[in-house]
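Report on the following structure.
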Amino acid sequence: VQLQAYGGGLVQAGGSLRLSCAASGRSFSTYTIGWFRQAPGKEREFAAAIDWSGGRTYYADSVKGRVTISRDNAKNTVYLQMNSLKPEDTAVYYCAAGNYPTPVDERDEYGYWGQGTQVTVSS
């Protein structure tokens, strides 16, 4: 599966963005999809994940309550709706696909990664 993240941009603190992760290739609907982010000089960290059906989600504490992950398997797309953005949310956001049956935060469980999309939140 090939993944492409898009939808990033520059937004003021308190604003919203919706990121999309578009997939090509077969069997997209069987993958758990995760969103990770990497700020300058920092390790890539987990943000959110969703299982193959969309029935189970998992969020990092740093984004919980502000971010919603969802998917549309008919469109081969996963979304990350981000609200109440903070300057510390500034990062390159990546989507990734993995075969683990439940949403997880371990990078090693995701074997396919897309190009990232830059999110910049100004104060």
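For a Förster distance of 25 Å, can you work out the FRET efficiency between the beta-carbons of residue 115 and residue 84, rounded to the nearest 0.05?
0.45
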Checklist entry - At a probe size of 1.4 Å, how large is the accessible area of residue 16, to the nearest 10 Å²? => result 60
Checklist entry - Under 5 Å between amide H atoms, partner at least 5 residues away or on a different chain: which partners does residue 90 have, H built in plane at 1.01 Å? => result 121
Item to check | Coil-residue trypsin sites (Lys or Arg not before Pro) of region 1-89, DSSP, other Cβ within 10 Å capped at 14 | outcome: 26, 42, 56, 64
Checklist entry - Around residue 60, which amide H atoms from residues at least 5 apart in sequence, or from another chain, sit under 5 Å from its own amide H, with H modelled in the peptide plane? => result 48
Checklist entry - At a Förster distance of 35 Å, what's the computed FRET efficiency of residue 29 paired with residue 123, Cβ-Cβ distance as r, to 0.05? => result 0.35
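Leaving out ligands and nucleic acids, and using a 1.4 Å probe, what accessible area per residue does the chain come to in Å²? Each step should come with its number before you reach the end.
Numbers: 6320 Å² over 123 residues.
On a per-residue basis, the chain sits at 51 Å².
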Checklist outcome for this item: Karplus ³J(HN,Hα) for region 44-59 (6.51 cos²θ - 1.76 cosθ + 1.60, θ = phi - 60°; Hz, whole; x = Gly/Pro) runs 5, 10, 6, 10, 6, 8, 9, 7, 4, 8, x, x, 10, 10, 8, 10
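Hand me the GluC sites (Glu not before Pro) from region 31-123 located in a DSSP loop with no more than 13 other Cβ atoms within 10 Å, in residue order please. Can you show the working numbers first?
Numbers: sites: 43, 45, 88, 106, 109; in loops: 43, 106.
Answer by residue number: 43, 106.
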Checklist outcome for this item: Probe 1.4 Å, all chains present, heavy atoms only: residue 100 accessible area in Å², nearest 10, is 100
Item to check | Qualifying lysines (Cα of each under 22 Å from Cα of residue 42; at least 8 residues distant if same chain) | outcome: 64, 86
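The values are calculated or read from the model by the stated rules, or taken from the named source; none is laboratory data. Computed from a predicted model, the values in this text were never measured in an experiment. Ideal geometry is used to build each Cβ from the backbone, glycine not excepted, and the neighbour counts take in all protein chains shown. The protein model used for the area step is the full one, side chains on, heavy atoms only, and it has no ligands, DNA or RNA in it. Shrake-Rupley method; radii C 1.70, N 1.55, O 1.52, S 1.80 Å.
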